[in-house]
C-alpha cells in the first residue's frame, strides 16, 4: 500500500511541479505551485512526520502560496502579455536532474543500521525552538515581517 501511495503522490507532485514550470499564465502556474506544496505535505504524512506535514500545509500552502497569488493579483502588469516558454530553464533542470541521478548511482549504499533515536514530539520541538534556537526563530520572524511590509509598500498605490 505504501509503495502505491508513494507512486501516486510522486506522479501527482511531479505533474504539478512540471505544470508550475511550464504553464504560460502566471496565475495557473502559481496555483500549480500550491498543488506541488500539497504533494510535498502528502509525502511528509506518508513518512509519519505529521508535524512537519502540518507545518508544510500551514506555512507554505496557507502563507507562501497565498502570498504569491495575492502578489500576482495586486501587481500592475500588462494582462495581454503572458510568459514565454523558457528553454534555458529546461536545460538547467535536466542538467541538475542528471547530476542528482549520477550522484545517487555513484553513492555506495550503507549496510550499517541507523542508531535508535527517541521519538520526536511537538513538545520537544517547541522546547528546542524556545531554548537553543530562539535567536534564529526571532530572525526568521523579523525577516518575514520585513518582507510583508516591503510587499505592502510595493503594492500600495500613490495617493494624488
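The values are calculated or read from the model by the stated rules, or taken from the named source; none is laboratory data. Quick caveat, the model's predicted, so the values are computed rather than measured. Note that each Cβ is placed from the backbone with ideal geometry, even for glycine, and that neighbours are counted across all protein chains shown.
Say we look at the stretch 99-131 and pick out the residues that are in a loop (DSSP other than H, G, I, E, B) and farther than 16 Å from residue 48 by Cβ; which of these is nearest to the chain's Cα centre (by Cα)?
107
Which is out of contact with any strand residue (DSSP E or B) (no Cβ under 6 Å at 6 or more places or on another chain), at pLDDT below 85 and not assigned by TED's automatic domain parsing to the domain that holds residue 2, of 85, 97?
Of 85, 97, the one residue that is out of contact with any strand residue (DSSP E or B) (no Cβ under 6 Å at 6 or more places or on another chain), at pLDDT below 85 and not assigned by TED's automatic domain parsing to the domain that holds residue 2 is 85.
Check 42, 5, 63 and return the single one that is under 30 Å from residue 124 (Cβ atoms) and either buried (at least 17 other Cβ atoms within 10 Å of the Cβ) or in contact with a strand residue (DSSP E or B) (Cβ under 8 Å, 6 or more places away or on another chain) (or both).
After applying the criteria, what remains is 42.
For residues in the stretch 16-36 being assigned to a helix (DSSP H, G or I) and more than 15 Å from the chain's Cα centre (by Cα), which is farthest from residue 61 (Cα to Cα)?
By that ranking, first place goes to 22.
Restricting to the stretch 58-77, give me the number of residues that are without any contact (Cβ under 8 Å) to a residue 12 or more places away in the chain and closer than 18 Å to residue 140 by Cα.
The number of residues fulfilling the criteria is 4.
When the stretch 37-51 is examined, which residues are found to be over 23 Å from residue 147 (Cα atoms) and in a helix (DSSP H, G or I)?
The answer is 38, 39, 40, 41, 42, 43, 44, 45, 46, 47, 50, 51.
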